[in-house]
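Comments concern the structure below.
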Amino acid sequence: MKEAVLVVTAVILSLAAAGAIVRIAIGPSLLDRVLASDVLLAILGAALAVDMAMNRHLNNLMLLVAIAVIGFIGSVTFARFVADRRGESNDS
Amino acid sequence: MTPDATGLDMVIDVTTAVFLVVGALMSLGAAVGLLRFPDLMSRMHAATKPQVLGLFLMLAAIGLQMRTWWVWPILVVAWIFQLLTAPVSAHMVGRSAYRTKHGHREKLTKDELEAVVQRAAAGQEPGPDR
């Protein structure tokens, strides 16, 4: 059962990461790309958590929290950066 | 996972497998929402699923597999940290999305923020800086 769960979660997470990367590539505005990269970080954290649960170790737990911090700081910084330039270009 | 699991081990392993697969499906749902939803505001709705419920299911699976009690407070702290930061970043992204006129404003059924923004922009009163 362990192998089956690993394969199923790997396939699902790979598809999800591919979708997020496609949105990063085509996303029409900067905020779409920021949001999609945030989702990509969440998917990466989910993969780390699957590894920890399946192999019964806690080595990646601090990395999981660090990924959450990086996603938070990145989103807030980009949001401020976009907000400071409002009025110049309004593509959506 | 325990090889040749029986009894309680089997129950815990099946629960772990269900949590992991459903948590992965949350990520897939976020990706599908990112690809199919029309504008930024509705994509933000989909993007929060793996960050909150998906992370909760994954961390619960870790806690179930570790078979110890001391690991649960660490997992709860990690999840609560994500719960505290996700609304803040979503607020910032949504605020700047509104201010930079992202999305299709005509699709909104109600826009309560526009009056506040216009009042603040007119300088009639120091409105809240949303």
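Annotation: A:Val50 fulfils all but one of (1) within 18 Å of B:Phe81 (Cα to Cα); (2) open to solvent by less than 40 Å² (accessible area, probe 1.4 Å); (3) of a type in the set (A, V, I, L, M); the unmet one is (1). If you go through segment B:47-66 and keep only what is facing another protein chain (nearest Cβ under 8 Å) and either crowded, with 22+ Cβ neighbours inside 10 Å or free of Cβ contacts under 8 Å to residues at least 40 places away in the same chain (or both), you end up with B:Ala47, B:Pro50, B:Gln51, B:Gly54, B:Leu55, B:Met58, B:Leu59, B:Ala61, B:Ile62, B:Gln65, B:Met66.
Whenever a residue of segment A:61-82 is under 21 Å from B:Val77 (Cα atoms) and open to solvent by 40 Å² or more (accessible area, probe 1.4 Å), its partners that are assigned to a helix (DSSP H, G or I) and among the hydroxyl-bearing types (Ser, Thr, Tyr), lying with C-beta atoms within less than 7 angstrom and at least six residues away or across chains, give the pairs A:Phe72/B:Thr85; A:Phe72/B:Ser89.
Filtered by the rule that a residue be touching a Leu at 6+ places or on another chain (Cβ under 9 Å) and either facing chain A (nearest Cβ under 8 Å) or not in a helix (DSSP H, G or I) (or both), segment B:76-85 gives B:Ala78, B:Gln82.
Between B:Leu55, B:Leu40, B:Leu59, the distinction of being modelled with pLDDT of 90 or more and under 15 Å from A:Asp38 (Cα atoms) belongs to B:Leu55 only.
Restricting B:Met44, B:Met26 to those that are in a helix (DSSP H, G or I), more than 18 Å from A:Phe72 (Cα to Cα) and of a type in the set (A, V, I, L, M) reduces the list to B:Met26.
When B:Met41, B:Met10 are checked against the criterion of being more than 8 Å from chain A (Cβ to nearest Cβ), touching a residue at least 60 places away in the same chain (Cβ under 8 Å) and among the aliphatic types (A, V, I, L, M), B:Met41 stands alone in meeting it.
The values are calculated or read from the model by the stated rules, or taken from the named source; none is laboratory data. Since the structure is predicted, the reported quantities are computational estimates derived from the model, not experimental observations. Cβ atoms come from the backbone with ideal geometry, glycine included; neighbour counts cover every protein chain shown. Just so you know, the surface numbers come from the protein's heavy atoms only, side chains and all, with ligands and any DNA or RNA stripped out. Shrake-Rupley method; radii C 1.70, N 1.55, O 1.52, S 1.80 Å.
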